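Okay, structure first, notes after.
No lab work stands behind these numbers, since they all come straight from the coordinates. Everything numeric here is computed off the predicted structure, so don't read it as measured data. Quick reminder, even Gly has a Cβ in these numbers, built from the backbone with ideal geometry, and neighbours come from all protein chains shown.
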Amino acid sequence: MTGNHLEVIVDNKPIRALVDSGASFSIISERYRRYLKKVMFSETKNVVLKVANGSFVRPMGKCMLRVIINSRELLFEFVILRHCSHDVILGWDFLEAFQAVIDCGRSELFLEDVCQEPSTLNSWKLYAIEDCTLEPRSLSRIAVSGCQVGKDLNVVVEGNKNLLFERNIAIP
C-alpha cells in the first residue's frame with residue numbers, strides 16, 4: 001500500500017485502487033466496468049450518492065467483481081458510477097465486510113480471516129466465479145467462491161423472484 005492506494009487484481013487485471021474509508025460504498029467506474037466486460041445490474045431504487053467534491057450523482061447500477069489482495073480472492077458487489085476520480089475505490093462496505101485493518105504508520109492493509117468459524121448451511125454465501133446462465137429445471141456445474149468452499153460439494157440453487165424483479169433481470 002502506498003499512501004491510500006493499494007495494488008490489487010480485479011478480474012485478473014492489475015490495478016491501483018483507492019482505499020477510502022470515508023466512502024460508504026465501493027465503486028467502479030463505468031469505463032473500467034466496460035473494459036472488464038462485466039455484467040451490470042440496473043439499480044431500481046432512486047439512490048443518489050454524495051461524492052467527495054460535494055456533488056450528488058446517481059449510480060448506473062452494480063456489478064460483482066473478483067478482487068485479489070495479498071493472494072486472497074474476494075467477491076464483492078461494486079456500485080458503478082459514470083464519472084469517477086479512480087477506476088476502483090474500496091469503500092467502507094468492502095473494508096467492513098472483510099474486517100480490514102489499516103496500519104497507516106506502515107502503509108499496510110490487513111484482512112482478517114472471516115472464515116474461521118464454522119457456518120451453518122443457512123448462512124452460506126456462494127458466488128459464481130464467472131457469469132453464467134442456468135437453464136430452468138436443469139443440472140449445471142459451475143465454479144463458485146465463498147468461505148465455505150474447501151472441497152467439492154453439491155448444492156441446490158433456488159430462484160428468488162423478488163431479487164430477479166429488483167435487479168430488473170425478470171419482469172412481472
Cβ crowding within 10 Å averaged over residues, with 20-28, 54-62 ranked highest first: 20-28, 54-62
Packing-based order for 89-100, 31-42, using average beta carbon neighbours within 10 Å, highest first: 89-100, 31-42
Under-5 Å amide H pairs with Phe25, H placed in peptide plane, nonlocal only: Trp92, Asp93
